[in-house]
1. As a test of reading the structure, rank SER210, SER141 by solvent-accessible area (1.4 Å probe, protein chains only), most first.
2. About the Cα centre of the chain, how large is the charge dipole given +1 on each Lys and Arg Cβ and -1 on each Asp and Glu Cβ? Please answer in debye to the nearest 20.
3. Which value does Rg/Rh take for the chain over its C-alpha atoms, Rh per Kirkwood?
4. For the chain, what relative contact order do you get, as a whole percent, if you take Cα pairs closer than 8 Å and at least 6 residues apart?
5. Checking the a/c ratio against 1.5 first, then a/b against b/c, what shape does the Cα gyration tensor give for the range 1-112?
6. Just subtract the alpha-carbon distance of ARG102 and ALA136 from 0.36 nm times their residue separation and send over the number in nm, one decimal.
7. What FRET efficiency comes out for the pair ALA18/ASP155, r = Cβ-Cβ distance, R0 = 41 Å, nearest 0.05?
8. Ignoring ligands, DNA and RNA, what percent of the 1.4 Å accessible area of the range 152-230 is carbon and sulfur?
Amino acid sequence: MGEEPGAPGTQERRAELAARLAAVRERLAAACAAAGRDPDQVDLMAVTKTVPAADVATLLDLGLTLFGENRVQEAGAKVAEVARLHPDAGRARWHFIGGLQRNKARAVVGWAHRVESVDSVRLADALDAATARACADGRRSGPLPVLLQYSVDGDPTRGGVPADGLLALADHVAGLPGLRLEGLMAVAPLNSDPDAAFADVESAAQRLRSAHPSATVLSAGMSGDLEVAVRHASGVVRVGTALVGYRPLASL
């Protein structure tokens, strides 16, 4: 029996993903043009939580290499499945972008090329220790790149370090041998003014970069607000729905 039309891996699904990717790239190019920025300065991340591994393999075929996951168990299985499905899976870069419990640190460092959601000293310490163990047993070959998750509104229920704790956390992370501080990640709060939110994020990123000049990455902006984020210096936009649609998890 053949695959159902539109199922992951079919020509229909490939055509859908190709069209969505082209449309997102057009939006991103237009946003960069409007902001006077080079499109090469902004990376496009596909947020692939609940997206089947077959779709990730298709996106790799279409030239996308950056993928964001926020569920530890699902992501680890998906990374392994993509490696099985795609002969060039080594091109994929996997970033963890969700809230992370300290007891999941060991699992994440085995596959993540970057963790974008470090928001506390305790989590940073757990990742540092897990990275040391992973390097010792051959699961990693060097430090784990990380971004600090910044909280625009300071609401502790949504994760992120508030403005008054940002530089202290940055100093701590920069002193850990297993981590490499690369910059800042942020999400605009729901129902907020995105222009004001991303202006605040841009200012926080500048403060971080002043204190730690190598922390140059700013990851901000999603399907609904990427244009505003690009205007405020984002270098990574994380796009889920606009790129992959609503895809309930099928098997992993």
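The values are calculated or read from the model by the stated rules, or taken from the named source; none is laboratory data. Predicted model, so just to flag it, every value in this text is computed and none were measured. Because the Cβ atoms are built from the backbone with ideal geometry, glycine has one as well, and the counts that use them run over all protein chains shown. Keep in mind that these areas ignore ligands, DNA and RNA; they rest on the heavy atoms of the full protein, side chains included. Shrake-Rupley method; radii C 1.70, N 1.55, O 1.52, S 1.80 Å.
1. SER141, SER210
2. Once rounded to the nearest 20, the dipole reads 720 debye.
3. 0.97
4. Reported as a whole number, the value is 20 percent.
5. oblate
6. Contour length minus the Cα-Cα distance gives 10.3 nm.
7. FRET efficiency, ALA18 to ASP155: 0.60.
8. For the range 152-230, the apolar C and S fraction of the accessible surface comes to 55 percent.
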